[in-house]
1. When you scan region 1-30, how many residues do you find that are polar (S, T, N, Q) and in contact (Cβ under 8 Å) with a residue 40 or more places away in the chain?
2. Return the residues of region 1-30 that are surrounded by 14 or more Cβ atoms within 10 Å (Cβ to Cβ), among the polar types (S, T, N, Q) and at pLDDT below 95; say none if nothing qualifies.
3. Among (1) outside any helix (DSSP H, G or I); (2) at pLDDT 95 or above, where does residue 33 come up short?
4. So which residues in region 1-30 are more than 22 Å from residue 66 (Cα to Cα), of a type in the set (Gly, Ala, Ser), part of a helix (DSSP H, G or I) and out of contact with any Lys or Arg (no Cβ under 9 Å at 6 or more places or on another chain)?
5. Mind listing whichever residues of region 24-63 are of a type in the set (Lys, Arg) and more than 13 Å from residue 5 (Cβ to Cβ)?
Amino acid sequence: MQDSGNCLRFLRKQRNLTQADLAQALGIAERTIIRWEKGYVVIPRPALETLAQFFQVAPTDIAPDLAEIRRVSDIEPVAIEGD
C-alpha cells in the first residue's frame with residue numbers, strides 16, 4: 001500500500017536513516033524496505049508492529065488504513081425487529 005510506504009519513508013527520513021540503516025537495524029534485507037516504501041509489497045502485520053516499536057509510534061501511524069479495518073468479531077450485533 002503506497003500510503004504505508006510513504007509513511008514509512010517519512011519516518012525513516014525524519015530520523016536521518018538510509019534504507020540500508022533501517023534494514024540493518026531490523027535485521028532484514030534492504031530490498032524489503034525498498035519494496036515496502038514503493039508499495040510493491042504490503043507490510044506484514046508482524047513487521048508493522050516491529051516498525052512501530054522501532055519508531056516509537058502506533059502501527060496506524062505507519063499504515064493509516066488499518067484504522068479503517070475492523071475484525072468481524074469487533075462489530076456488535078444489531079437487533080432487527082420483525083413485522
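1. Quick first cut of region 1-30, residues polar (S, T, N, Q) only: 2, 4, 6, 14, 16, 18-19, 24.
Add one more test, that the residue is in contact (Cβ under 8 Å) with a residue 40 or more places away in the chain, and what stays is 4.
Residues flagged as polar (S, T, N, Q) and in contact (Cβ under 8 Å) with a residue 40 or more places away in the chain within region 1-30 amount to 1.
2. Those that are surrounded by 14 or more Cβ atoms within 10 Å (Cβ to Cβ), among the polar types (S, T, N, Q) and at pLDDT below 95: 4, 6.
3. Condition (1) is where residue 33 drops out.
4. Selection gives 20, 25.
5. Of all residues in region 24-63, those of a type in the set (Lys, Arg) come to 31, 35, 38, 45.
Across region 24-63, the qualifying residues are 31, 45.
The values are calculated or read from the model by the stated rules, or taken from the named source; none is laboratory data. Keep in mind that what you see is a predicted model, and the values were worked out from it rather than measured. A quick note on method: Cβ atoms are made from the backbone with ideal geometry, for glycine too, and the neighbour counts reach across all protein chains shown.
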